[in-house]
Amino acid sequence: MTDRPKPRVLVVDDERVIADTLAIILNKAGYDASAVYSGTGAVEQAKSIRPDLLISDVMMPDMNGIDAAIKVRAALPSCKILLFSGQAATADLLETARLQGHEFEILAKPVHPQDLLAKLKG
């Protein structure tokens, strides 16, 4: 049996309860997850912890999750990105990113923990 390191996950949501809760669920499921509460914070944190996966809300006040994801992917090309959102405006932002050559997977909020874990294992 190999002692593989836990996949590092950065969870981003300006709603702290959501970010913290998802990080706790992921940690219990065998990930090394930490929470951050802004797009800007996500970009800064990603540079230091170098996550394997970024899970981010899209609609945030300082920098939206799509812009943060693009910046993280530029710095860490192997980092997987998973976005989630409960707002219709997300479709326009995703389309703009897609036209710029960025493809992101998106989950609808509220994210059910089992759905999230299934998506990560899939």
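With every protein chain present, what is the per residue accessible area of the chain (1.4 Å probe, Å²)?
Accessible area per residue: 57 Å².
Partners of LYS121 within straight-line reach, counting aspartates and glutamates whose Cα lies under 16 Å from its Cα and excluding those fewer than 8 residues away in the same chain: ASP32, ASP52, GLU105.
Straight-distance candidates among the aspartates and glutamates for linking to LYS71, with alpha-carbon spacing under 13 Å and chain neighbours fewer than 8 residues away dropped: GLU44. A simple spin-label model places pseudo-atoms 7 Å from Cα toward Cβ; at LYS80 and HIS102 they are separated by 1.9 nm.
Looking at region 1-121, the DSSP beta bridges with both ends there are about 0 percent antiparallel. Protein heavy-atom surface of region 40-115, 1.4 angstrom probe: 53% of the accessible area is carbon and sulfur, with nucleic acids and ligands not counted. Once backbone amide H atoms are built at 1.01 Å from N, ILE81 has LEU54 as its partners under 5 Å, excluding neighbours fewer than 5 places away on the same chain.
How much length is gained on full extension from ARG4 to ARG50, taking 0.36 nm per residue of separation minus their Cα-Cα distance? Kindly include the intermediate steps, with their values, before the conclusion.
Numbers: separation 46, 0.36 × 46 = 16.56 nm, distance 1.63 nm.
Extra length available between ARG4 and ARG50 comes to 14.9 nm.
Here the sum of -39500 (n - 2.57) over DSSP H runs of 4 or more residues, divided by the residues of the chain, equals -13500 deg cm²/dmol at 222 nm, to the nearest 500.
How big is the dipole moment of region 1-93 about its Cα centre under a simple scheme where the beta carbon of each Lys and Arg is +1, that of each Asp and Glu is -1, and everything else is neutral? Debye, nearest 20, please. Show your work: numbers first, answer last.
Values: 10 positive and 12 negative charges, 97 e Å.
In total the dipole reaches around 460 debye.
In order along region 43-53, the phi-based Karplus estimate (6.51 cos²θ - 1.76 cosθ + 1.60, θ = phi - 60°) of 3J(HN,Hα) comes to 5, 5, 5, 4, 5, 8, 8, 6, x, 7, 9 Hz; Gly and Pro are listed as x.
What is the angle, in °, between the Cα long axis of helix 90-99 and the longest principal axis of the Cα atoms in the chain? Nearest 10 is fine, range 0 to 90. Taking the Cα atoms of the chain, the angle to 90-99 is about 90 degrees.
Treating the angle as unsigned and between 0 and 90°, give the value, to the nearest 10°, between the Cα long axis of helix 16-28 and the longest Cα principal axis of the chain. Long axis of 16-28 versus the principal axis of the chain: about 30 degrees.
Coupling constants for region 62-70 follow from the phi torsions by the Karplus curve (6.51 cos²θ - 1.76 cosθ + 1.60, θ = phi - 60°), and in residue order they are 7, 9, 5, x, 5, 4, 4, 4, 4 Hz; glycine and proline get x.
Highest mean first, the peptides 68-81, 92-105, 42-55 sorted by other C-beta atoms within 10 Å per residue fall in the order 42-55, 68-81, 92-105.
The values are calculated or read from the model by the stated rules, or taken from the named source; none is laboratory data. What you see is a predicted model; the values in this text were computed from it and never measured. When we count neighbours, we look across all protein chains shown, and the Cβ atoms used for this are built from the backbone with ideal geometry, even at glycine. Note: accessible area is taken over every heavy atom of the protein model, side chains too, but ligands, DNA and RNA are not part of it. Shrake-Rupley method; radii C 1.70, N 1.55, O 1.52, S 1.80 Å.
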